[in-house]
Amino acid sequence: MREKIEALMAEVAALSCNTEQEIEQARVRLLGKKGEITALFDEFRTVAPELKREFGQKLNVLKNTAAAKIEELKEAASESQAGGAAAFDYTMPGDPVQLGSRHPVSIAREEIVNIFRKFGYDVAEGPEVEDDWHVFEALNFPPEHPAREMQDTFFINDSDNPVLLRTHTSSVQVRAMEKMPLPIRIVCPGRVFRNEAISARAHCIFHQVEGLYIDENVTFADMKQAILLFAREMFGAQSQIRMRPSYFPFTEPSAEIDVSCNICGGKGCNICKGTGWLEIMGCGMVDPNVLEASGIDSKKYSGFAFGMGVERIAMLKWQVRDLRNYFENDLRFLKEFETSL
Ligand code: DAH
């Protein structure tokens with residue numbers, strides 16, 4: 001008994017625990033119902049009467065010492081916890097977080113779309129994986145048109161009714177005309193795919209925004225006005241546009257739109273190659289064949305359509321010289337657009 005009491009005294013003296021959990025474990029082990037000290041009290045009942053006085057005193061001292069030690073450890077633990085919290089200054093600024101920035105193509109696309117939204121256009125979207133009908137057939141591409149051939153289009157299969165990646169967002173026009181009630185006034189932003197060699201001026205993936213307006217009595221003059229207003233919103237109030245006759249299977253007549261160079265104000269510089277003009281989009285009056293293919297009465301309705309490359313608009317606006325910058329995700333390039341968040 002004596003040895004046991006002494007051993008436990010030594011153990012209590014040496015006791016060191018840091019966490020509340022460890023302290024509680026020590027308390028249970030020593031002073032709990034089945035604890036070692038409690039067990040000694042049970043054993044004490046069998047001690048010879050002449051030793052009871054000595055052992056009783058020793059046991060009481062042991063018990064009180066252990067209880068005091070546990071209290072002491074608890075206090076120390078809660079103090080160090082409070083001290084730890086006080087040492088943490090919640091008013092200190094946090095570690096800087098590296099925020100990403102919007103991609104310039106996203107910024108440009110949104111700007112284009114927002115301008116047309118202001119004019120009352122809705123946004124329509126369609127699938128990137130398309131069929132021949134929506135990309136070509138319904139848009140009046142003659143069967144032998146070169147854009148249908150493998151060098152331009154990524155075909156997913158070569159069945160009679162092939163699945164392919166859309167080469168332009170004009171496919172969304174067709175989907176809109178098939179299902180939307182008239183009048184239709186939409187812009188269709190999206191990603192397009194062409195089987196082209198990648199260079200500073202061409203890429204196999206890029207983005208377009210298509211526009212379509214169909215109603216009774218829509219005229220070429222309406223188209224010209226809409227595009228002029230767009231150009232002025234996008235490139236500045238001084239901007240002028242000019243139209244050059246062009247050809248697209250789905251519009252008649254068709255035109256290419258140039259905007260006056262926003263760098264030199266039309267005087268001629270190396271961006272506009274001395275011409276004073278920059279090409280920004282194709283457009284035209286929707287061909288009656290295209291209206292009829294989607295079930296619209298071309299005697300009653302007319303409309304115009306236009307299509308522009310988002311990367312191209314962004315290049316002109318921010319003077320980016322190499323299209324590949326948009327796809328390489330070089331942070332030095334992307335960070336230049338941080339302020340446009
Ligand atoms: N789809 C044409 C292209 O990808 C762009 C285009 C030209 C769209 C004239 C039109 C348009 O709606 O009228 O090159």
*Would you list the P(r) distribution for the range 146-228, with all Cα-Cα distances sorted into 10 Å bins from 0 and each bin expressed as a whole %?*
15, 36, 30, 17, 1
_Going Cα to Cα from Lys33, which lysines come in below 26 Å? Please leave out same-chain ones fewer than 8 positions away._
Lys4, Lys52, Lys58, Lys63, Lys69, Lys74
*Rounded to whole Å and sorted largest first, what semi-axes of the equivalent ellipsoid does the C-alpha gyration tensor of the range 96-173 yield via the square root of 5 times each eigenvalue?*
32, 18, 10
_Segment Ser159-Glu11, extension gain: residue separation times 0.36 nm, minus the distance between their alpha carbons_ = 44.7 nm
*At 4 °C and 1.567 mPa s, what whole-number value in µm²/s does Stokes-Einstein give for the translational diffusion of the chain, with Rh from the Kirkwood sum over Cα pairs?*
49 µm²/s
*Accessible-area ranking of Cys269, Cys283, largest first, probe 1.4 Å*: Cys269, Cys283
*Using the Cα centre as the reference, give the magnitude of the dipole from point charges on the C-beta atoms of the range 2-86 (Lys, Arg: +1; Asp, Glu: -1; all else neutral), rounded to the nearest 20 debye.*
380 debye
*Kindly state, to the nearest 0.05, the FRET efficiency for Lys300 paired with Ile263, given R0 = 51 Å and r defined as their beta-carbon distance.*
0.70
*Reachable lysines from Lys335, Cα under 24 Å, same-chain residues fewer than 8 places away excluded?*
Lys317
*Between Ser80 and Thr38, what FRET efficiency follows from the Cβ-Cβ distance if R0 is 30 Å, with the result rounded to 0.05?*
0.55
*With each pseudo-label sitting 7 Å past Cα toward Cβ, what's the Lys4-Gln240 distance in nm, one decimal?*
11.0 nm
*List the cysteines of the chain that have no other Cys Cβ closer than 4.7 Å: which are they?*
Cys17, Cys188, Cys204, Cys283
*Relative to the longest principal Cα axis of the chain, at what angle does helix 20-31 sit, 0 to 90 degrees, rounded to 10?*
30 degrees
_Within straight-line cross-link reach of Lys300, lysines at Cα separation under 25 Å, skipping those fewer than 8 residues along the same chain_ = Lys179, Lys224
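The values are calculated or read from the model by the stated rules, or taken from the named source; none is laboratory data. This structure is a prediction, so every number in the text was calculated from the model and none was measured. Neighbour counts run over all protein chains shown; Cβ positions are idealised from the backbone, glycine included. In case anyone asks, the SASA skips ligands and DNA or RNA and just uses the protein heavy atoms, side chains included. Shrake-Rupley method; radii C 1.70, N 1.55, O 1.52, S 1.80 Å.
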